[in-house]
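Peer 1: Before we start, here is the structure in question, set down as structure tokens.
The values are calculated or read from the model by the stated rules, or taken from the named source; none is laboratory data. For clarity, every value in this text was computed on a predicted model and none was experimentally measured. Methodologically, a virtual Cβ is constructed for each residue, glycine included, from the backbone with ideal geometry; neighbour enumeration extends over all protein chains shown. These accessible areas exclude ligands, DNA and RNA; they are computed on the full protein's heavy atoms, side chains included. Shrake-Rupley method; radii C 1.70, N 1.55, O 1.52, S 1.80 Å.
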Amino acid sequence: MEKIIATELEPNGLDAEVLEHIEKIQLDDSILYYGFPVFKDYEEQTVKSKIVVLSKNHGLILLSTCTEANIFEADDNLSQVYNFIEAALKKSKLLRKNKKTLALELESYLVCLDSVDADEFENDVVNSYKSIDLVFGELQLETPLDDFQFDEVRSIIEGAKALSRPSKRTRTDEDPASKLNILIALENEISNFDIEQRKIAISLINGPQRIRGLAGSGKTVVLAMKAAHIHLQHPHKKILFTFYTKSLYGLIVDLLDRFYRHFAGTEPNWDVIDVHHSWGGKNLEGVTYNASFENGVGAMTFSTARSINFDDPFREVCKHLLPHKIEAKYDYILIDEAQDLPNEFFQICYKLCKGSTAKNKNIVWGYDELQSIFNVYQRTPEELFGHDEKGKPLIDLVALKNELTGGQSNDLVLYKCYRNPLEILVTAHALGFGLYSDYPVQMLENKEHWEDVGYRVEDKYTLDVGSTTSIIRDRENSPLSIYRHQTASDLIRCFKAKDLSEECQWVSDKIQQSIEAGLKPQDIMVICFDDYNAKNYFAKLSKYLTNIGVRSNNVLTSTSYAPPFKIDDMVTLTTVHRAKGNEAAEVFAIGLDALHRYRNTRSGRNKIFTAFTRTKAWLNVTGIGEKVDGFFQEIRTSLGNENRLIFKVPDVEKIKRDLDARPKELVKIQEMWSDLREQGMSDQEIKDQLELWSTKNI
């Protein structure tokens, strides 16, 4: 039996005794929930479940513990829970025999060990542990729930069903191998996402919590669901959800809204929920900007911050605010994309969060394991949040974990990557590391780190420097439905063009074919690797798309501070930087030849990884001339190795030394920066140029 404690309050008294007794019954194929689900009634009052058992062999059983003193209140609450769950289950065709009858047993019981008149209550009363045993004996189903029914009930109970409406798609034919039908099956699989993800999303603990996983493992979804669940449990508590990538704003609001509506039937109370960008400004709500204004600190401008620290101006903004007195404002703070934010930002969030000690600071942060791959070292909670006056870490997850109960954890890892098909993810890692190039630009440091991102070193292989190793990623850690009808060559296509016109023509033709195969324009994203020429690429490609009646959303031309990344009936045109945090059913990664000179740099390899991992299903990679040959050969090598990374183990310390080395000339970079910007180069392009220059001079 799987047990999910969904409340930060430790089960005690009769609750704890009943939970322990049910676990001893040893029900097969079952889940035991405590404190979940939670609903809202028409009067906006929170209606909380106590104990729920979902069993393939018994159906759904609701239990509420009580005493003689509060039994009438418990009876009313349990009836409310029953009615909410019954109504939710009846919305599913899979779970109905007819319009009035469910295809599974749904029963509710009051557990009261006092002597009461059972006839007075709407729900049945059990007055002993022996009676609980009899209940499960009597409810034994003649025909157990099948896997599909069980998963459907679980999806509804846990709220994942709220996320199963990415778009309304209608099958146009019965061919299961058509792009449309493949995408429908894939989205159904993704919407009913991994068990561990759900448990993390609905389980609340007291104090800080870290959630780790690869890009595409669902951290943003989990954090949004957790924020909604907190709001359900504590409707008057003040919540902050913050993030690094501006284009994520719409997605976060939508996820939080949909999950909350699933249980409440109404939208969240946005007066107590702030979804704010980490920085912000005069025209954009942001954590540091708002905190500066509200605490009487003059906000540092971008130009000033960049003049001090051109590589990380946001850090300077945070350093400017941090020494000042910051009033605690939030009961809960959730931080997405933690890997992209400076330590000082976490220390600001620590001050913004209510609670006198770390134990009472309800801060949850999602950390992208991939980012730690390319940055070598994952920052510890001690580094992120800093130390007190005595040098003691403000947040020590190991020490705080000892105070948790019920098998709960404050450091969780999402192993499954739902965004990318297996071959695409492994190929993205192979090229991101540079495993099949001249030499790797980065490498994971140990076996445990590989396991944290969903790989394992195969038997008989080691990670000894100089040895050839084989690291495998199991299919179970990626979506499975797509492999029934797609091969690796269907999922990844490469095209070498003679010139820009031929490249854009090929991309346009393939987009037209995909739309004719059932994809919608908004299912498609075009990512340009060439920052400098992106405008030219998109101008030409837009003309080709217009000629075939397809509109495009060029995110580079938007003047909004937080522009919508995806617009209905439009193909998205974006750079790698702006694509971060977003996804599409099909991705066209164009202009790969522009990265030829950056092929041995982390920035170049990181761009490839980020672009490749934006796709949920299909990836098309294009470029001009022979400069793409090396990259295409790396892709072929990766696909030939299937779901394995096979390479000669490099010296990680040497890679670090090479990448950390800096020539003395870098002291002149700040002066060079202004000159390069006057020549029309973007900030990201300048960073790439400087890294290339640095590499050449090491």
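Peer 1: Under 22 Å from the mean Cα position of the chain (by Cα) and not basic (Lys, Arg): which single residue out of Ser437, Ser409 fits that description?
Peer 2: Unique residue meeting the criteria: Ser409.
Peer 1: For the range 580-588, state whether one or more residues are over 21 Å from the mean Cα position of the chain (by Cα) and at pLDDT 90 or above.
Peer 2: The answer is yes; a qualifying residue exists.
Peer 1: When you look at Asp146, is it open to solvent by 40 Å² or more (accessible area, probe 1.4 Å) and under 30 Å from the mean Cα position of the chain (by Cα), yes or no?
Peer 2: yes
Peer 1: Quick one: in the range 596-622, of everything that is of a type in the set (Val, Ile, Thr) and under 30 Å from Leu186 (Cβ atoms), which residue is most open to solvent (accessible area, probe 1.4 Å)?
Peer 2: Top of the filtered list is Thr610.
Peer 1: So the check is Cβ under 8 Å with 6+ separation or different chains; which pairs have a first residue in the range 1-26 that's more than 14 Å from Val111 (Cβ to Cβ) and a second one that's exposed (fewer than 12 other Cβ atoms within 10 Å of the Cβ) and of a type outside the set (D, E, K, R)?
Peer 2: Sorted first by the residue in the range 1-26, then by its partner, the pairs are Met1/Gln26; Lys3/Gly407; Ile5/Gly407.
Peer 1: May I pose another question? Going by the structure shown, is Phe263 in contact with a Ser or Thr (Cβ under 7 Å, 6 or more places away or on another chain) and either open to solvent by less than 10 Å² (accessible area, probe 1.4 Å) or at pLDDT 95 or above (or both)?
Peer 2: no
Peer 1: Then there is this: Here is a list of conditions, (1) touching an Asp or Glu at 6+ places or on another chain (Cβ under 9 Å); (2) more than 30 Å from Leu180 (Cα to Cα); (3) open to solvent by 30 Å² or more (accessible area, probe 1.4 Å), and Gly625 meets all of them except one; can you say which number that is?
Peer 2: Here Gly625 clears every test but (3).
Peer 1: Out of (1) within 27 Å of the chain's Cα centre (by Cα); (2) hydrophobic (A, V, I, L, M, F, W, C); (3) open to solvent by 70 Å² or more (accessible area, probe 1.4 Å), what's the single condition that is false for Val465?
Peer 2: Among (1) within 27 Å of the chain's Cα centre (by Cα); (2) hydrophobic (A, V, I, L, M, F, W, C); (3) open to solvent by 70 Å² or more (accessible area, probe 1.4 Å), the lone unmet condition for Val465 is (1).
Peer 1: Could you check, for the range 308-320, whether at least one of its residues is in a helix (DSSP H, G or I), modelled with pLDDT of 95 or more, buried (at least 19 other Cβ atoms within 10 Å of the Cβ) and over 29 Å from the mean Cα position of the chain (by Cα)?
Peer 2: yes
Peer 1: Could you check, for the range 559-581, whether at least one of its residues is part of a loop (DSSP other than H, G, I, E, B) and without any contact (Cβ under 8 Å) to a residue 40 or more places away in the chain?
Peer 2: Checking the range 559-581: at least one residue is part of a loop (DSSP other than H, G, I, E, B) and without any contact (Cβ under 8 Å) to a residue 40 or more places away in the chain.
Peer 1: Is it fair to say Val526 is under 24 Å from the mean Cα position of the chain (by Cα), hydrophobic (A, V, I, L, M, F, W, C) and either within 30 Å of Phe243 (Cβ to Cβ) or open to solvent by 10 Å² or more (accessible area, probe 1.4 Å) (or both)?
Peer 2: yes
Peer 1: Let me ask another. Might you let me know whether the range 444-456 holds any residue that is over 30 Å from Asn181 (Cα atoms) and of a type in the set (A, V, I, L, M)?
Peer 2: yes
Peer 1: Among what's in the range 93-108 and is open to solvent by less than 20 Å² (accessible area, probe 1.4 Å) and either closer than 18 Å to Glu68 by Cα or assigned to a loop (DSSP other than H, G, I, E, B) (or both), pick the residue that is modelled with the highest pLDDT.
Peer 2: The selected residue is Ser108.
Peer 1: Here is a further query. Do we have any residue at all in the range 500-518 that's farther than 15 Å from Gly623 by Cβ, in contact with an Asp or Glu (Cβ under 6 Å, 6 or more places away or on another chain) and in a helix (DSSP H, G or I)?
Peer 2: yes
Peer 1: Now for a separate question. Check the range 569-584 and report whether any residue there is among the small types (Gly, Ala, Ser), open to solvent by less than 10 Å² (accessible area, probe 1.4 Å) and over 15 Å from Asp530 (Cα atoms).
Peer 2: Yes: one or more hits.
Peer 1: Now, a different point. Is one or more of the residues making up the range 167-177 surrounded by fewer than 21 Cβ atoms within 10 Å (Cβ to Cβ), over 30 Å from Asn402 (Cα atoms), among the basic types (Lys, Arg) and modelled with pLDDT of 85 or more?
Peer 2: No: zero hits.
Peer 1: If you don't mind, there's one more thing I want to ask. On the given criteria, is Glu68 open to solvent by 60 Å² or more (accessible area, probe 1.4 Å) and either in contact with a Pro (Cβ under 8 Å, 6 or more places away or on another chain) or at pLDDT 95 or above (or both)?
Peer 2: It is false that Glu68 is open to solvent by 60 Å² or more (accessible area, probe 1.4 Å) and either in contact with a Pro (Cβ under 8 Å, 6 or more places away or on another chain) or at pLDDT 95 or above (or both).
Peer 1: Which of the residues belonging to the range 321-340 are within 17 Å of Leu240 (Cα to Cα) and either open to solvent by 20 Å² or more (accessible area, probe 1.4 Å) or assigned to a strand (DSSP E or B) (or both)?
Peer 2: Glu327, Ala328, Lys329, Tyr330, Asp331, Tyr332, Ile333, Leu334, Ile335
Peer 1: State whether one or more residues within the range 109-116 are open to solvent by less than 60 Å² (accessible area, probe 1.4 Å), of a type outside the set (D, E, K, R), under 26 Å from Glu158 (Cα atoms) and assigned to a loop (DSSP other than H, G, I, E, B).
Peer 2: Looking through the range 109-116, none of the residues is open to solvent by less than 60 Å² (accessible area, probe 1.4 Å), of a type outside the set (D, E, K, R), under 26 Å from Glu158 (Cα atoms) and assigned to a loop (DSSP other than H, G, I, E, B).
Peer 1: Filter the range 117-134 for residues that are modelled with pLDDT of 90 or more, open to solvent by less than 70 Å² (accessible area, probe 1.4 Å) and among the aliphatic types (A, V, I, L, M); which is nearest to Asn70 (Cα to Cα)?
Peer 2: Per the stated criteria, the residue is Val125.
Peer 1: Another question about this same structure. Out of all the residues in the range 122-135, which are touching a Cys at 6+ places or on another chain (Cβ under 9 Å) and of a type outside the set (Val, Ile, Thr)?
Peer 2: Selection gives Asn127 alone.
Peer 1: Does at least one position in the range 488-495 carry a residue that is modelled with pLDDT of 95 or more and either assigned to a helix (DSSP H, G or I) or more than 29 Å from the chain's Cα centre (by Cα) (or both)?
Peer 2: Yes, the range 488-495 contains a residue that is modelled with pLDDT of 95 or more and either assigned to a helix (DSSP H, G or I) or more than 29 Å from the chain's Cα centre (by Cα) (or both).
Peer 1: Now for a different question. Being polar (S, T, N, Q), over 22 Å from Ser203 (Cα atoms) and within 30 Å of the chain's Cα centre (by Cα) is true for just one of Ser79, Ser92, Ser49. Which residue is that?
Peer 2: Ser92
Peer 1: Being among the aromatic types (Phe, Trp, Tyr) and either open to solvent by less than 10 Å² (accessible area, probe 1.4 Å) or closer than 25 Å to Glu383 by Cα (or both) is the filter here, so list the residues in the range 204-251 that pass it.
Peer 2: Phe241, Phe243, Tyr244, listed by residue number.
Peer 1: Hey, can you tell me all the residues within the range 46-65 that are among the basic types (Lys, Arg) and surrounded by fewer than 22 Cβ atoms within 10 Å (Cβ to Cβ)?
Peer 2: Lys48, Lys56
Peer 1: Can you tell me which residues in the range 6-45 are modelled with pLDDT of 90 or more, under 26 Å from the mean Cα position of the chain (by Cα) and open to solvent by 20 Å² or more (accessible area, probe 1.4 Å)?
Peer 2: Tyr34
Peer 1: Hey, does the range 633-642 have a residue that's open to solvent by 50 Å² or more (accessible area, probe 1.4 Å), modelled with pLDDT of 85 or more and assigned to a loop (DSSP other than H, G, I, E, B)?
Peer 2: yes
Peer 1: Could you please find all residues in the range 68-84 being assigned to a helix (DSSP H, G or I) and of a type in the set (A, V, I, L, M, F, W, C)?
Peer 2: Once the filter is applied, which keeps residues that are assigned to a helix (DSSP H, G or I) and of a type in the set (A, V, I, L, M, F, W, C), the range 68-84 yields Ile71, Phe72, Ala74, Leu78, Val81, Phe84.
Peer 1: If a residue has to be aromatic (Phe, Trp, Tyr) and part of a strand (DSSP E or B) to count, how many in the range 33-67 make the cut?
Peer 2: Summing the residues that are aromatic (Phe, Trp, Tyr) and part of a strand (DSSP E or B) in the range 33-67 gives 3.
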